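Contents: one structure, followed by commentary.
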Amino acid sequence: MDTGLESSPYRAPDGAIEEQPATRARPFFLAPPTLKLVVMMVFTLGWYAIWWFYRAWRAVKQHERRRFNPAWRSIFGIFYAYACFRAINRIAADGTREKRAPAGLLAIAYVVLALSVLLPGPLWLLSPLSVLPLLPMNARARRYNQFVNADVYRDEDGITAWNWLAITVGGACWAILLLGILIYFLSTLVPAA
């Protein structure tokens with residue numbers, strides 16, 4: 001007697017099911033090692049922060065299934081730093097039992113140091129310190145990545161070709177800036193004839 005189940009798409013498979021090879025998981029947050037974060041932030045004159053915030057917002061969007069554009073939130077990072085830090089704290093609290101980082105203080109410090117680039121004279125040289133408030137949040141995100149998957153794929157640990165390009169261009173910019181400061185300083189020491 002034909003029950004019609006033989007041709008049903010809902011029937012169980014006939015043979016054994018093949019196991020798919022395991023793929024390596026990507027880190028949930030962009031959380032490079034501390035040295036890499038500092039080097040990239042300093043040598044890119046702070047532009048690396050846009051990439052860091054973009055990847056953080058993309059992870060938040062994926063985790064919370066919210067609708068927003070991570071690119072805009074990363075470009076306008078000084079306006080969204082507190083929300084980003086708070087979201088990292090919230091997501092990381094799901095997996096780890098550690099104390100939350102002070103998102104408000106870190107966001108204020110980040111905004112003040114990032115905007116110090118607009119200060120007159122040599123005070124703009126404080127702007128590379130804008131990496132300091134990112135360090136505790138990056139460390140928290142890194143620990144969360146390790147908690148989620150101890151064998152996490154560490155593609156952000158090494159220096160990529162794009163990183164080297166950014167370091168080279170940024171290093172040239174720093175060399176020109178520091179040479180200009182040196183020339184200005186030396187010109188003020190020499191009396192006018």
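Values computed for the structure shown
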{"read-out": "Label-point gap, in nm, between residue 126 and residue 182 - each point 7 angstrom along Cα→Cβ", "value": "2.6"}
{"read-out": "Efficiency of FRET from Cβ geometry, residue 98 and residue 174, R₀ 35 Å, rounded to 0.05", "value": "0.50"}
{"read-out": "Distance (nanometres) between label positions extended 7 Å along Cα→Cβ at residue 139 and residue 90", "value": "2.4"}
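We did not get these values from a lab; they are worked out from the coordinates using the rules stated. Quick caveat: nothing in here was measured; it's all calculated off a predicted structure. Neighbour counts run over all protein chains shown; Cβ positions are idealised from the backbone, glycine included.
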